[in-house]
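Notes follow once the structure below has been shown.
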Ligand code: ZN
């Protein structure tokens, strides 16, 4: 794991939260993107070397909708940048972590992503991400 790449925050309304985080961070989001496969609309803010990802659900029963229902708005996941997502997944699996995506999928912001179940990480959903340019 190289560094925290971004922190994902589940929000009810992306537009309202974009305005809020723009005020908080002093910058506008540098991109907005819908990920159809995940049923989310996302926006990304730069903050020094890190990023904040806001996630709004576009479906009534997607992962973000379920999260909001159970826990309300708040931190949804922490994403770590890796060089070799397949090797990292294999390592974590061997260490006993519960891997949610054995095969990385195309996530937002031009990344291959895979998730580690919060049950195996003290309640925090962990995302691994690797730049798409480096094909796994
Ligand atoms: Zn993320």
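FYI, it's all coordinate maths here, none of it is from the lab. If you're wondering where the values come from, they're calculated on a predicted model, not measured in any experiment. Glycine also receives a Cβ, built like all others from the backbone with ideal geometry; neighbour counts cover every protein chain displayed.
What the table shows:
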read-out	value
Mean separation of Cα contacts under 8 Å, 6 or more apart, over the residue count of the range 20-61: relative contact order %	29 percent
Extended-chain gain in nm, criterion 0.36 nm per residue less alpha-carbon gap, residue 34 and residue 120	28.1 nm
Value of [θ]222 nm, deg cm²/dmol, for the chain, DSSP H segments ≥ 4, -39500 (n - 2.57) each, nearest 500	-7000 deg cm²/dmol
P(r) tail fraction, the range 1-72 - alpha-carbon pairs more than 13 Å apart, %	64 percent
Gyration tensor over alpha-carbon atoms, the range 24-65, equivalent ellipsoid semi-axes in Å	23, 9, 8
Descending principal axes extents, the range 9-132, alpha-carbon based, whole Å	42, 31, 26
Mean separation of Cα contacts under 8 Å (6+ apart) over length of the chain, as relative contact order %	25 percent
Spacing of the two label points (7 Å from each Cα toward its C-beta) at residue 91 and residue 105, in nm	2.5 nm
Label-point gap, in nm, between residue 13 and residue 83 - each point 7 angstrom along Cα→Cβ	4.5 nm
